[in-house]
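Only one structure is covered here, and it is reproduced in the block below.
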Amino acid sequence: MSGFEKALEAVHQAEESVYHAQASTEIGDRQKSVLHLQIAKEKVHQAQKEVEGDVDAQHRLHQAVEHLRHLEEAQQALED
């Protein structure tokens, strides 16, 4: 699995984790969602370095960054 694919998978896992935390009352689920978001951000950042010159991959990673931003906002709302 390439770094690009791993990054997209990490974003998907972060999404699932945030959705699970929204439906849960457990603090541990919220903490897991924060961790998954951080891991996804790191993997996307690394993948962006690896796909220089691949316009389609760069576009998809840009969309992933935007999606992570929305997930972070949703996760932050859980803390408020």
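Computed from the coordinates by the stated procedures, all read-outs in this text should not be read as laboratory data. The structure displayed is predicted, hence computed values, not measured ones.
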Worksheet, complete the sentence: Filtered hits (aspartates and glutamates, Cα-Cα < 12 Å from K32, offset >= 8 within chain) -> E15, E16
Practice prompt. For H45 and E66, calculate 0.36 nm times their separation in residues minus their Cα-Cα distance, and state this gained length in nm to one decimal.
Written response: 6.3 nm
Item to complete: Using only Cα atoms, locate the centre of segment 56-75 and the centre of segment 1-39, then give the distance between them in Å, rounded to an integer.
Response: 13 Å
Item to complete: Could you grab the relative contact order for the chain? Cα pairs under 8 Å, six or more apart, rounded to a whole percent.
Response: 40 percent
